[in-house]
1. Using a basic spin-label model with each label point 7 Å from the Cα along Cα→Cβ, how many nm lie between Ser433 and Asp343?
2. Work out, step by step, the length gained on full extension between Val473 and Asn396: first 0.36 nm times the residue separation, then minus their alpha carbon distance; give nm to one decimal.
3. For the pairs Lys423/Lys447; Lys110/Lys194; Lys111/Lys136; Lys393/Lys447; Lys178/Lys276, flag any whose C-alpha to C-alpha distance is greater than 22 Å.
4. With each label point set 7 Å from Cα along the Cα-Cβ vector, what nm distance links Val171 and Asp185?
5. Quick query: amide H of Asn396 versus all other amide H atoms, modeled in the peptide plane; which residues come in under 5 Å with a sequence gap of 5 or more or a different chain?
6. Is any residue of the range 155-169 close enough, with backbone N under 11 Å, to a label point placed 7 angstrom from the Cα of Thr221 along the Cα-Cβ axis, and if so, which?
7. Based on the mean of other beta carbon atoms within 10 Å per residue, what is the order of 254-261, 519-526, most packed first?
8. Compare Asp350, Asp418 by solvent-accessible area with a 1.4 Å probe and give them largest first, with all protein chains kept in place.
Amino acid sequence: MENLKNIVPDEDFNWDSYEKGETLTVNKNVEELTKTYDETLNTVKDKDVVLGTVTAMNKREVVVNIGFKSDGVVPMSEFRYDPDLKVGDQVEVYIENQEDKKGQLILSHKKARASRSWDRVNEALDTDEIIKGFVKCRTKGGMIVDVFGIEAFLPGSQIDVKPIRDYDVFVGKTMEFKIVKINQDFKNVVVSHKALIEAELEQQKKEIISKLEKGQVLEGTVKNITSYGVFVDLGGVDGLIHITDLSWGRVSHPEEIVQFDQKVNVVILDFDDEKKRIALGLKQLTPHPWDALDIDLKVGDRVNGKVVVMADYGAFVEIAPGVEGLIHVSEMSWTQHLRSAQDFMKVNDDVEAVILTLDRDERKMSLGIKQLKPDPWEKIEERFPVGSKHVAKVCNFTNFGVFVEIEEGVDGLIHISDLSWTKKIKHPSEFTSIGAEIEVQVLDIDKENRRLSLGHKQLEENPWDVFEGVFTVGSVHDGTIIEMMDKGAVIALPYGVEGFATPKHLVKEDGSQAKLEERLQFKVIEFNKEARRIILSHSRIFEDEQKATKKEESKAKGSKKESASIPVMEKTTLGDIEELAALKEKMDGEAQ
């Protein structure tokens with residue numbers, strides 16, 4: 001206590017202010033202090049837009065210091081376009097009131113943005129600036145975005161580089177945009193998010209393209225599927241996998257191999273000089289099926305497969321994925337009457353076949369199915385010996401005969417002269433029809449050309465053996481003219497036999513010419529069994545009678561010489577000869 005000095009009170013100390021709770025600096029009066037304090041504050045006015053600093057924030061409010069005597073509070077909802085807002089960030093605020101009834105500084109960030117929004121959007125368009133916006137809601141054709149407090153339109157086509165199926169996933173999100181169009185008259189703003197992605201992809205594309213090499217394997221994403229191939233996104237660069245490069249096997253549609261958005265590894269097959277068109281391959285990443293084909297497989301082996309393609313000339317059969325063989329239509333049946341391959345099989349049929357040729361270097365194979373059955377011509381002499389009788393099917397006509405098939409692969413020809421003993425057939429269609437069945441007898445075997453000589457008339461006895469005793473030279477028979485020609489007429493005789501008479505033998509006794517369908521008597525003047533030919537004459541009948549009369553007259557005059565007796569020719573009837581009656585009955589039955 002002894003060392004303490006006496007303390008003298010300040011004569012200027014304001015005890016009244018001290019009692020009121022006001023702390024004053026010694027030797028400073030209130031006016032000076034107030035003046036000094038005011039000089040440290042910013043001079044602000046209501047409705048001004050100033051720059052402030054975020055000093056604190058929570059889920060509901062943001063505290064902003066603008067250098068005024070008190071901080072202002074802004075609702076957090078006004079910053080929803082900027083989810084990255086943090087303490088220390090500078091923001092623009094609009095001074096609504098420097099001091100309300102509670103002495104609180106009232107600020108608005110939304111109004112600050114709105115007051116400068118039109119200048120900002122125009123400036124962003126001019127400078128190509130990347131800005132942030134808040135997606136407020138969906139609208140027809142796109143979205144409404146809050147940009148600087150202005151409602152801008154985001155078209156659906158400008159959201160992303162790929163089509164967007166669900167717009168709702170973007171509502172409530174803050175995204176980066178570029179302003180692409182402004183209508184100054186209607187104050188309309190159009191923004192794009194796609195433009196940012198395209199710019200980024202373009203840069204990625206340049207980097208990828210610069211490193212492309214043939215044979216390079218890359219990972220990509222299936223971007224689009226068409227009937228002719230698949231477009232794959234390689235990270236900003238698109239390439240095409242043609243349908244033929246999807247699989248070693250046949251592919252009807254690319255959807256059988258890949259799906260939309262699927263990740264796939266592909267190999268670069270080719271690209272143009274500017275690397276704008278890139279050809280990709282998927283099947284090239286797996287070994288060729290021909291290289292994996294069983295090394296023991298050889299000609300003559302039987303294989304199973306499925307028909308994948310049909311053509312008129314044959315069928316392509318896949319015996320393993322990517323390994324196909326052709327079955328030519330000629331190898332489908334032993335028959336020589338080639339038809340369309342569709343008559344034997346169709347697509348997706350499971351078939352068994354025999355390997356006929358196999359070329360591993362050329363990766364070609366030919367197959368056959370007829371080889372699964374024995375060749376019908378191997379033992380043709382035993383199965384169809386000469387003289388054997390069979391039922392055949394008429395396949396085709398020619399002017400000289402009928403082609404028939406006895407069984408699959410066994411064909412024969414019936415010559416037109418071997419169809420009938422008695423009928424003069426001009427064309428086979430007069431005797432039978434395509435597809436009809438006909439009885440035949442094997443006359444000869446041509447194994448080299450795989451054809452039989454057949455006959456139909458040989459199934460019956462040769463009636464000309466009987467006719468030889470009936471239509472003797474000089475005999476007279478009733479006949480009907482059935483055909484007239486320049487060289488003569490065809491006459492129908494009894495028992496289905498036809499004869500021929502020249503014009504001079506068709507002259508009647510009164511000098512007139514016989515006519516078509518006229519029934520007359522005819523005398524046989526020639527019979528040729530081998531050629532099955534009968535030559536007739538009507539005029540010879542009365543000419544011979546006239547000669548006989550003259551001879552009788554000569555004899556009546558006293559001629560002493562004996563003349564040769566003139567035989568009297570009787571007309572034949574059906575009942576004269578039993579053999580002819582039986583023959584006619586048989587022929588009539590066949591005609592029916």
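1. According to this spin-label approximation, the distance is 1.9 nm.
2. On the way: separation 77, 0.36 × 77 = 27.72 nm, distance 4.03 nm.
So the extension gain works out to 23.7 nm.
3. With Cα atoms farther than 22 Å apart: Lys423/Lys447; Lys110/Lys194; Lys178/Lys276.
4. About 3.3 nm separates the two model spin labels.
5. HN-HN under 5 Å from Asn396: Phe403.
6. 161-163
7. Numbers: 254-261: 14.4, 519-526: 17.8.
Put in order of decreasing packing, that is 519-526, 254-261.
8. Ranked from most to least accessible, the order is Asp350, Asp418.
The values are calculated or read from the model by the stated rules, or taken from the named source; none is laboratory data. Everything numeric in this text was worked out from a predicted model, so none of it was measured. We place every Cβ from the backbone using ideal geometry, glycine too, and count neighbours over all the protein chains shown. Protein only, heavy atoms only, side chains kept; ligands, DNA and RNA dropped before computing areas. Shrake-Rupley method; radii C 1.70, N 1.55, O 1.52, S 1.80 Å.
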